[in-house]
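Peer 1: I am attaching a structure below and will ask some questions about it afterwards.
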């Protein structure tokens, strides 16, 4: 025999057998009222809750199913004499699995509270002895249902979290390969992705010790700053896509990722250029990925740094696009300046000596100094500074190809 619960012994001391028979009779009388109780519950829901009135018919039908299932399960649970009584968690099987995404836990709790209130009002119309027995039973049943609801939503949240993580990694990987179609855009939108009239950029950094914690911090930051974020660990690196109205240009993206430094593990953090939308993500991802590989060649580079600041280093790790961009930004502006390219080549070949360069070119040293100032102004790099001289040297050699 099942263990006696507090409502199984009546206040007048009847035996368990006679009390069980009485419960059966009370359950039959209550069972004849389940339809009216369900209707009363939905009427009360409509009166109390704005969110219920705003629901579309399909979602309201799910509420109806759960309410009716709850009332039916209470009646069956109240009357049950078996070793294994009806499980309250089964009432949530009445609605589709999708209900846990469309109906929040808060709304479910409000539904349960309203249903209990309606049923307890219905108990007032019954015999006083029956009412006392039902009220005690309802207290125990509602507690079991509350735990069942928490279990259902916790399981749904855990499953959804695992699915979202896999989907997020898939979207990031596809974006890096440039394989973005309408289906993938809809999946990204399901994860909350939107550039909100701004742009997006990709950053690559070290993998943190606690990846899940780092990704959680990323999403929290994004939510607080009205940004969209997608992230995926790949081997020893963490790849992050960040989008939103705040990403207006490369410097704005750099500032956002600077605030996210703790999300990444130790080591370089390289930010790709800002692009307009997710379909162009590969154009930001490729520079960021090669920049992260090449950053070891620039140990003094700031963290984070733009991939565009590592063009020479990226050339050395085989990024042909970086080579073309480097020549365009540094040597092409000098080509229209008469002898500037020849002066730069001579200066670098002569070990950064103004006098030796002047002798090589048969000009006055002041002419060399004047040309070097023009080179610095047009290229944005100072030939007299060792780091800039390295970049100019690489660019100059590439231009000869």
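Peer 1: Restricting to the range 377-401, name every residue that is more than 16 Å from residue 326 (Cα to Cα) and in a loop (DSSP other than H, G, I, E, B).
Peer 2: Within the range 377-401, 384, 385 qualify.
Peer 1: Restricting attention to the range 166-183, and to residues there that are surrounded by 14 or more Cβ atoms within 10 Å (Cβ to Cβ) and without any contact (Cβ under 8 Å) to a residue 40 or more places away in the chain, which single residue is farthest from residue 276 (Cα to Cα)?
Peer 2: 167
Peer 1: Within the range 115-137, how many residues turn out to be surrounded by fewer than 21 Cβ atoms within 10 Å (Cβ to Cβ) and within 30 Å of residue 57 (Cβ to Cβ)?
Peer 2: Counting residues in the range 115-137 that are surrounded by fewer than 21 Cβ atoms within 10 Å (Cβ to Cβ) and within 30 Å of residue 57 (Cβ to Cβ) gives 5.
Peer 1: Yes or no: the range 370-380 includes at least one residue that is over 26 Å from residue 300 (Cα atoms), loosely packed, with under 14 Cβ neighbours inside 10 Å and not assigned by TED's automatic domain parsing to the domain that holds residue 300.
Peer 2: yes
Peer 1: For the range 277-309: of the residues being touching a strand residue (DSSP E or B) at 6+ places or on another chain (Cβ under 7 Å) and within 15 Å of residue 251 (Cα to Cα), which is surrounded by the fewest Cβ atoms within 10 Å (Cβ to Cβ)?
Peer 2: The selected residue is 303.
Peer 1: Follow-up question, since we're still on this one. Residues that are in contact with a helix residue (DSSP H, G or I) (Cβ under 8 Å, 6 or more places away or on another chain) and touching a residue at least 40 places away in the same chain (Cβ under 8 Å), at least 2 per element: which helices (runs of 4 or more DSSP H) completely within the range 279-376 meet that?
Peer 2: Ranges flagged: 281-294, 311-316, 320-330, 332-335, 340-349.
Peer 1: What do you reckon, is residue 147 modelled with pLDDT under 75, in the same structural domain as residue 58 (by TED's automatic domain parsing), part of a helix (DSSP H, G or I) and loosely packed, with under 13 Cβ neighbours inside 10 Å?
Peer 2: Yes; evaluated as a whole, the condition is true for this residue.
Peer 1: Considering each residue of the range 240-273, count those that are touching a residue at least 60 places away in the same chain (Cβ under 8 Å), buried (at least 24 other Cβ atoms within 10 Å of the Cβ) and in a strand (DSSP E or B), and give that number.
Peer 2: Adding up the residues that qualify gives 4.
The values are calculated or read from the model by the stated rules, or taken from the named source; none is laboratory data. Note that the coordinates shown come from a computational prediction; the quantities given were computed from them, not determined experimentally. Ideal geometry is used to build each Cβ from the backbone, glycine not excepted, and the neighbour counts take in all protein chains shown.
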